[in-house]
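J.: Have a look at this one.
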Amino acid sequence: MIPDRVVELLHGPALSARILSDLENNGRVALGITLASHEAYQLKGRYLASRPTGDEDIARQETYQRKMLAAVRQVYPEEIARPLVLGFAYRPGVAITFRVEEIFLQTPGPGAGNKMA
Amino acid sequence: MGILPDEIQPAMQGVIPSHVVTCSGDGTPNASAISQVYYVDPDHVALSHQFFNKTIRNVRENPRALVWVISPATFDSWDLELEYDHSETSGPVFEALDMQIEAIASIVGLKGIFKLRSADIYRVISVTKNVDERIPLPEIDDPPGPR
Amino acid sequence: MAAEDAGSPGLREQIAQNQQTIDRLNRDLAKKSDQVRIIQQISSEITSTLDLDRVLEIVLRATERVLGFQHSMILLEDLAENTLRLFASRGYDPSGVGAEVAFGEGVIGVVAERKRMMRVGNVGASIAYLTSIRARLEASGEMAPGPPAAKLPGLPNVQSQLALPLLVKDRLVGVLAVESPKPNAFDELDEILLGIVGNQAATAIDNARTYQLVEKLSRLKRFFSPQLAELIVTGGADDPLKTHRREVTVVFLDLRGFTAFAETSEPEEVMGVLREYHAEMGTLILEHEGTLERFTGDGMMVFFNDPVPLPNPAERAVRMAVVMRDRVTALIRRWRKRGYELDLGVGVAQGYATIGAIGFEGRWDYGAIGTVTNLAARLCGEAKPGQILISLRVAGEVEDLIEAEEVGPLTLKGLAKPVPAFHVVRLKGPE
C-alpha cells in the first residue's frame with residue numbers, strides 16, 4: 001500500500017541549493033526523522049516542487065519549534081535543548097514538497113529497517 | 001592542513017545524533033540516524049559498523065555518503081561529503097570505538113549485543129558549514145517540565 | 001596561482017583566519033605550558049612521600065586546582081579480587097570511597113581492562129539511547145528482562161568522562177578519572193595534561209603501595225611465618241591484626257625456679273639457658289602450627305586456631321605441650337649438671353577470645369584478650385614441676401588421646417568459681 005501523502009519540508013536556502021540540484025537530477029527523496037525518544041523513521045518518495053517560504057511558513061516553524069522544545073527537553077538539559085531547536089527554523093527559507101511512497105521503521109532494535117507502509 | 005576545521009570536533013563526540021545519507025547502486029537514496037561520526041584525522045572520519053544495515057550495504061556498492069553533524073558548543077551544523085575508504089577491525093581507531101561501545105553497553109547490560117564489527121573509514125571530500133540564518137525562538141513562557 | 005590569488009577577498013580572509021588560529025593556539029600553548037610547569041612541581045611533591053593517602057590527595061588536588069577538573073577519582077586495583085576499588089575522590093558527595101568497579105564495566109572498567117585512555121563526551125546520551133533500545137528488545141521478547149543500568153561510582157548525571165589507566169611499565173596500578181555533568185567537557189589537550197599527571201601519579205602510587213605492603217609484611221613477619229605474612233598481604237588470608245573474635249586454644253608455659261635462677265646467676269648463664277630453651281620451643285611451635293603471641297623471659301603464650309583456622313586446635317596444643325615437656329626434660333638434665341634447678345609448668349585452656357592488634361602507633365602487638373588467656377595463665381601458675389594442666393573444655397576435646405589425672409577443683413585468681421583441671425600424664429597410643 002502506498003500512502004497518497006505529500007510532505008512539505010522547510011529548509012534554509014544555502015543547504016537547500018545542493019538538495020535542490022540533486023532533486024532536479026534524480027528526483028528521489030529519502031528523509032530521515034528521529035524523535036527525541038529515539039524512535040526513528042524514514043520516508044521515501046518523489047520530489048514534487050519547491051518555493052520560497054513566507055510569513056505563514058515562519059508561523060508554522062515557530063509552532064514546530066515550541067513542540068520540538070517540549071520533546072527535546074525530555075532528553076537534553078536546557079542549555080542544549082533551546083539552541084538545538086533553534087537550528088531547525090530558517091528565514092529566508094525554501095519549502096520542498098515530495099510525495100511519500102514508502103515508510104520504514106528505523107528505530108534501533110527489533111524490526112529496524114522494516115517497511116511499515 | 002586537512003579539510004576538517006578544528007571547530008568541527010565538538011560535533012563529532014556524539015552529543016547530538018547525526019544523520020547519514022547514502023545511495024544504492026541504482027541511485028535510491030537512504031537516510032539514517034547515527035549516534036556518532038568519529039573524528040579520525042583532519043581528512044578522515046569513521047562510522048561504526050555494528051549491525052549490517054542499508055547504509056553499510058549502500059556504501060559498499062556506491063562509496064559516496066553525506067553526513068550532517070551538529071556542534072553542541074555552537075549549534076553550528078555541517079554537511080560532510082564522504083567517500084568510503086576501507087574497514088578496520090584492529091588498530092587504534094577500531095580500539096577507541098570498540099572501547100566506547102563496550103563501556104556504554106556494559107552499563108546498560110547489552111555487552112556482546114552491541115558490538116563493533118568494524119570501524120568504517122571515510123575520506124572527507126568536502127565540508128560545508130550551514131550559513132543559513134536561523135529564526136530566533138521567541139521567548140517561551142512555559143518553564144521546563146519536570147525531568 | 002597563489003600569487004595571483006593573494007589579493008582575492010576569499011584568500012585574504014583565509015589568511016587572516018589562519019593567523020587567528022595560530023594566535024589562539026599560541027595562547028593556548030602558553031597557558032598549557034604554565035600548567036605543565038605546575039604539574040612538574042606537583043610531581044616532585046608526590047614522589048617525595050610514601051604515604052598513599054597523601055599521594056592520592058595531592059594528585060586529586062592538582063587535578064582540580066591546576067587542570068580545573070571539579071570531579072575526579074582514583075580507583076586502585078584490588079590485589080585480591082580482580083576489581084577496582086575507589087580509594088579517593090574529590091567533588092563528590094558522598095565520596096563513594098570503597099565502591100567497586102568490575103573490569104570491563106563502564107568507562108572506567110573498560111579503561112582498566114584495555115589499559116588505554118578513553119574520553120567520552122556523550123555518556124548520558126548514549127546510556128539513554130541504549131536503555132531505550134534495551135526496553136524495546138525486552139518488550140518484543142527478544143531479550144529477557146534484566147536488572148537496570150549498573151550503578152557505578154560517579155556523578156549521577158554524568159555526560160563526560162576522561163579515564164586514564166595508571167600504568168607502571170605496562171602494569172595496571174589503577175585508573176584516574178575525571179567527570180563532568182556537561183557534554184563534551186574534555187578535549188585532546190586535557191588528555192595530554194591528565195596523562196602527564198597520571199604518569200607521575202602511577203609511579204608515586206605504586207611506590208606508596210609497595211611501601212605499605214612491605215611495612216605491613218615486616219610487621220606481620222614479627223608474629224607469623226613468612227609464608228603466612230605473604231598470604232595476608234596479597235589478600236589470600238584475612239588480616240589477623242584486624243580485631244576479630246574466635247575460639248582459640250591457649251597454651252601458657254614457664255620455667256619453674258627461673259626467677260631464683262636469674263637472681264643468683266650471671267647474666268651470660270641466664271641468656272644461655274633462655275637461648276637453648278627458646279630455640280627448642282620455637283621449633284616446636286612452628287611444627288605444631290601454633291602462633292606465638294608473646295614471650296617474657298621464660299614465659300610464653302602460644303595459641304592455636306588463629307590467624308589460620310585449624311581442624312584440631314586442642315589436640316595440637318596438648319601434643320605440643322607433651323613434646324615440649326619431653327624436650328625440656330632433656331634440657332633439664334644438662335642444666336642440672338651445671339647446677340641449675342629448673343622445671344617446666346604448662347597450662348592449656350580453650351574458649352573465645354578477642355584477637356587483633358593491641359597497642360599504639362609505633363608499638364603494635366598481635367594479642368588475644370579473654371577469660372581463656374587468663375585461665376591458661378592461671379593453670380600454668382598452678383602447675384607443679386613437669387605438670388601440664390588442662391581445662392575441662394580441653395580435656396573434653398582430647399580425652400581419647402591422653403591419659404590424665406584429675407587435679408582439682410582449683411580456686412584461681414580472677415575466676416569466680418573453683419574450676420576442675422586435669423594433668424596430662426602421657427599421650428595414649430603406640431610410642
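The numbers here are math on the coordinates, done by the rules we state, and not lab data. Everything quoted here is computed from the prediction, not taken from an experiment. Cβ placement follows ideal geometry from the backbone for every residue including glycine, while neighbour counts extend to all protein chains displayed.
J.: Under 5 Å between amide H atoms, partner at least 5 residues away or on a different chain: which partners does A:L48 have, H built in plane at 1.01 Å?
T.: Those lying under 5 Å, H to H, from A:L48 are A:T97, A:F98, A:R99.
J.: Work out from phi, with θ = phi - 60° and the Karplus expression 6.51 cos²θ - 1.76 cosθ + 1.60, the ³J(HN,Hα) of each residue of the range B:93-102, listed in order in whole Hz, and give x for Gly and Pro.
T.: So the Karplus estimates, Gly and Pro as x, are 5, 4, 4, 4, 5, 4, 4, 5, 5, 5 Hz.
J.: Springs between alpha-carbon atoms under 10 Å, Gaussian network over chain B: tell me which of B:P17, B:P92, B:P63 tops the mean-square fluctuations.
T.: Highest fluctuation of the listed residues: B:P92.
J.: Something else: Would you please calculate the Kirkwood hydrodynamic radius of the range A:5-105 over all C-alpha pairs and express it in Å, rounded to one decimal?
T.: In the range A:5-105 this quantity evaluates to 14.6 Å.
J.: Percentage of Cα-Cα pair distances in the range C:240-427 greater than 29 Å, rounded to whole percent?
T.: In whole percent, the long-distance tail amounts to 21.
J.: Per-residue mean of other chain beta-carbon atoms within 10 angstrom of the beta-carbon, peptide B:10-20?
T.: That average works out to 6.
J.: Starting from the Cα coordinates of chain C, work out the convex hull volume and express it per residue in Å³.
T.: About 265 Å³ per residue, rounded to a whole number.
J.: Rank by packing, highest mean first: peptides C:321-332, C:267-278, with packing defined as the count of other Cβ atoms within 10 Å averaged across residues.
T.: C:321-332, C:267-278
J.: Relative to the longest principal Cα axis of chain C, at what angle does helix C:313-337 sit, 0 to 90 degrees, rounded to 10?
T.: Taking the Cα atoms of chain C, the angle to C:313-337 is about 60 degrees.
J.: Residue farthest toward the positive end of the dipole of the range C:11-76, with Cβ of Lys/Arg at +1 and Asp/Glu at -1: which of C:I15, C:F69, C:Q40?
T.: After comparing all options, I get C:I15.
J.: Subtract the Cα-Cα distance of C:K32 and C:K417 from 0.36 nm times their separation in residues, and report this length gain in nm to one decimal.
T.: That works out to 130.8 nm of additional length.
J.: Can you tell me which of B:T89, B:T128, B:T28 moves the most in a GNM of chain B? Springs connect C-alpha atoms under 10 Å apart.
T.: The residue that fluctuates most here is B:T28.
J.: How much FRET efficiency would the formula 1/(1 + (r/R0)^6) give for C:L427 and C:D78, where r is the Cβ-Cβ distance and R0 is 45 Å, rounded to 0.05?
T.: 0.45
J.: Which angle between 0 and 90 degrees, to the nearest 10, do you get for helix C:371-382 versus the longest principal axis of chain C when only C-alpha atoms count?
T.: Helix C:371-382 and the main axis of chain C meet at about 30 degrees.
J.: Hey, can you grab everything whose amide H is under 5 Å from the amide H of B:Q50? Only 5+ residues off in sequence or another chain; H modelled, so Pro and N-termini drop out.
T.: B:R117
J.: Can you give me the Cα centroid spacing of the range B:1-63 and the range A:1-59 in angstrom?
T.: Distance between centres, Cα-based: 20 Å.
J.: So for the pair C:A16, C:S44, with labels modelled 7 Å out along Cα→Cβ, what separation do we get in nm?
T.: Simple spin-label model gives 4.7 nm for this pair.
J.: While we're here: To the nearest 20 Debye, how big is the dipole of the range A:5-105 about its Cα centre, given +1 on the beta carbon of each Lys and Arg and -1 on that of each Asp and Glu?
T.: My answer is approximately 100 debye.
J.: Follow-up. By how many degrees, 0 to 90 and rounded to 10, does the Cα axis of helix C:52-65 deviate from the longest principal axis of chain C?
T.: 20 degrees
J.: I've got another one for you. Past the 18 Å Cα-Cα mark, which pairs from C:K242/C:K413; C:K115/C:K169; B:K111/C:K151?
T.: C:K242/C:K413
J.: If you don't mind, another one. Using 0.36 nm per residue, how much length does the chain from C:T296 to C:R245 gain when fully extended, once their Cα-Cα distance is taken away?
T.: Between C:T296 and C:R245, full extension yields an extra 15.9 nm.
J.: At q = 0.16, 0.24 Å⁻¹, what base-10 log of I(q)/I(0) does the Debye formula yield for the range A:1-60 when every alpha carbon is treated as an equal point scatterer in vacuo?
T.: -0.66, -1.20
J.: Shifting gears a bit: Taking each residue in B:32-38, count the Cβ atoms of any other chain within 10 Å of its Cβ, then average. What number comes out?
T.: Mean partner-chain Cβ count within 10 Å for B:32-38: 5.
J.: Using 1/(1 + (r/R0)^6) with R0 = 30 angstrom and r between the beta carbons of C:L392 and C:T354, what's the FRET efficiency to the nearest 0.05?
T.: About 0.85, to the nearest 0.05.
J.: Could I ask something else about it? If each Cα of the protein assembly as shown is one equal point scatterer, what is log10 of I(q)/I(0) from the Debye formula at q = 0.10 Å⁻¹?
T.: Treating every Cα as an identical point scatterer, log10 I(q)/I(0) equals -1.00.
J.: Order these peptides, C:171-180, C:67-76, B:40-49, by their mean beta-carbon neighbour count within 10 angstrom, highest first.
T.: Answer by packing, highest mean first, reads C:171-180, C:67-76, B:40-49.
J.: What distance in nm separates the two pseudo spin-label positions at C:N199 and C:E276, each 7 Å out from Cα along the beta-carbon direction?
T.: The modelled label-to-label distance comes out at 6.5 nm.
J.: Can you pull the one-decimal nm distance between simple spin-label points at B:R123 and A:E62, each 7 Å off the Cα toward Cβ?
T.: 4.9 nm
J.: A follow-up question, please. Can you give me the C-alpha center-to-center distance between the range C:78-131 and the range C:140-173, rounded to a whole angstrom?
T.: 4 Å
J.: Listing C:I402, B:I56, C:I369 from the residue with the fewest other Cβ atoms within 10 Å to the one with the most, what is the order?
T.: If I rank by nearby Cβ atoms, fewest first, I get C:I369, B:I56, C:I402.
J.: Could I ask something else about it? Show that you can apply the helix-only estimate: for the protein assembly as shown, add -39,500 (n - 2.57) for every DSSP H stretch of four or more residues, divide by all residues, and state [θ] at 222 nm to the nearest 500.
T.: Result for the protein assembly as shown: -12500 deg cm²/dmol, rounded to the nearest 500.
J.: Report the semi-axes of the equivalent ellipsoid for chain B in whole Å, largest first, where each axis is √(5λ) for an eigenvalue λ of the Cα gyration tensor.
T.: Value: 26, 21, 16 Å, ordered largest first.
J.: Mind checking A:22-30 for the average number of partner chain beta-carbons within 10 Å of each residue's beta-carbon?
T.: 3
J.: Does a label point 7 Å from the Cα of A:A49, set along Cα-to-beta-carbon, have any residues of the range A:62-104 with amide nitrogen under 19 Å, and which are they?
T.: Backbone N within reach: A:93-101.
J.: Through the Karplus equation 6.51 cos²θ - 1.76 cosθ + 1.60, θ set to phi - 60°, convert the phi angles of the range C:262-275 into ³J(HN,Hα) values in whole Hz; use x for Gly and Pro.
T.: In residue order, the calculated couplings are 5, 6, 9, 10, 6, x, 4, 5, 4, 5, x, 4, 5, 4 Hz.
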